[in-house]
Structure formats: C-alpha cells, structure tokens
C-alpha cells in the first residue's frame with residue numbers, strides 16, 4: 001500500500017525553466033491537494049481537486065497549473081520557474097467527506113524545489 | 001478573513017517536561033479541528049482530530065487536545081515529552097459552511113526536546 005507518492009524528491013531549476021511535479025495515490029480518494037511549505041509560514045494551498053476533471057484554485061495559485069484526468073494522478077505544473085517558487089511541495093489526498101473538510105489528509109513525502 | 005494562529009513558533013523543552021501548544025482560529029461557525037506532526041525529514045502525519053462530542057480528544061503517542069469553543073482554541077498537550085517528540089506541529093481547521101474545500105493550516109510550532 002503505497003499511499004501518496006510524489007516524484008521527484010529534489011529538483012533544482014533555473015529561472016524560466018518548466019517542470020511537472022508528479023503525485024499519485026492508490027487509495028481511490030476523491031480529494032487531492034497541492035500545498036507549499038515555506039519556513040515559518042506553514043502550509044499554503046496552491047490547488048485542489050474534488051474529483052477527476054475538477055480542479056480549483058487555492059490561496060497561492062499564481063505561477064502554477066494542475067490537471068486531474070484520473071482519480072489517481074494530480075500533477076502540478078510550473079511553467080516559468082521563479083525564485084519565489086523555491087519551497088517544499090506536498091501533495092495530499094483525502095476520501096470524500098463533507099466538502100473534504102472532515103477527512104484527515106494523507107500526505108506524500110514532499111518535493112524540495114530550488115529555483116536559482 | 002478566517003485564519004489559524006499558532007503563537008508559539010519555537011519551543012524548547014527538556015525531557016519529561018509538560019507541553020502545551022496553542023492554536024486559535026478566527027471563525028464563528030462550525031469547525032473541524034486537526035493536529036498534524038512532521039518529524040524531521042518526513043511528511044505530515046495526523047496526531048488527532050476533533051469533529052464533535054467530547055471536547056477533550058486523545059491522539060497517538062500520548063498527545064491530547066482540548067476544544068474550547070468560547071475561546072476559539074484547540075490547544076495540544078502532552079504531560080511528559082520525550083526526545084522523539086522533536087518535530088514541527090501544525091494545527092489545521094476545516095471551516096465548515098464557508099465554501100472552502102480544504103483545510104486551513106497554522107504556521108506551525110517547532111518543538112525541540114533536549115535529552
């Protein structure tokens with residue numbers, strides 16, 4: 001039982017480069033989320049999805065895009081990397097609850113991204 | 001705007017000391033409350049949760065938290081900490097009936113337990 005799997009674990013990008021952070025879950029969870037974690041700032045929600053084909057913006061969506069073509073996968077795309085996107089990115093999932101707010105989150109191990 | 005506050009950013013304790021980490025939220029409606037823990041180099045894991053009922057909830061590893069509705073608080077406690085409790089602790093709140101679809105996290109408290 002893998003849970004939530006994120007790849008890669010680490011990545012260094014140059015300013016202006018693009019990349020996709022992969023996230024997959026094998027628990028058949030409907031809700032999936034992307035958070036970024038910055039020191040002293042906690043977790044900020046980037047994007048979330050309530051099911052295949054449905055995505056919506058979180059608190060800090062600028063500079064990112066997502067897609068949800070299947071229940072299992074929820075990739076996060078950075079089109080033009082900027083130093084402000086240096087962070088640790090966590091993908092999470094939860095089963096269908098009352099608008100996803102009463103189900104504990106299952107987190108992946110994170111992707112540490114540095115943009116220089 | 002609704003928010004979640006953790007006022008203790010960094011706490012240093014000796015082993016066997018008692019722990020209390022504060023969590024306050026600014027929302028007058030129904031909430032679901034969580035505490036997550038992140039051990040060094042690992043992902044976040046659920047410590048405990050509160051949805052309804054007894055406001056004193058017990059979680060894993062001897063942690064407990066008390067929901068005080070009148071104070072908009074959900075403080076985390078442990079009577080006697082161990083070195084292995086060194087980690088970052090996050091309070092998270094599900095703000096019901098706001099249209100939000102995801103938890104709102106506090107900024108975290110880094111706990112350092114000295115042997």
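Kirkwood radius for the protein assembly as shown, taken over all pairs of different Cα atoms as the inverse mean of 1/r, rounds to 18.1 Å.
Its relative contact order, with pairs defined as Cα atoms under 8 Å and 6+ residues apart, puts the range B:4-114 at 39 percent. So if R0 is 30 Å, what FRET efficiency would residue A:77 and residue B:110 give, r being the distance between their Cβ atoms, rounded to the nearest 0.05? FRET efficiency, residue A:77 to residue B:110: 0.45. Where both bridge residues fall in the protein assembly as shown, DSSP classifies roughly 90% of the beta bridges as antiparallel. Cα centroid separation, the range B:64-102 to the range A:1-75: 24 Å. Working from label points 7 Å from Cα in the Cα-to-Cβ sense, the residue A:41 to residue A:26 distance is 3.4 nm. Is the range A:1-86 best put as rounded, prolate or oblate by its Cα gyration tensor, with a ≥ b ≥ c the root eigenvalues, rounded for a/c under 1.5, and otherwise prolate when a/b is larger than b/c, oblate when not? In terms of gyration-tensor shape, prolate. Relative contact order of chain A, taken over Cα pairs closer than 8 Å and 6 or more residues apart, is 35 percent.
No value in this document is a laboratory result; all are computed from the given coordinates. Everything numeric here is computed off the predicted structure, so don't read it as measured data. Cβ atoms come from the backbone with ideal geometry, glycine included; neighbour counts cover every protein chain shown.
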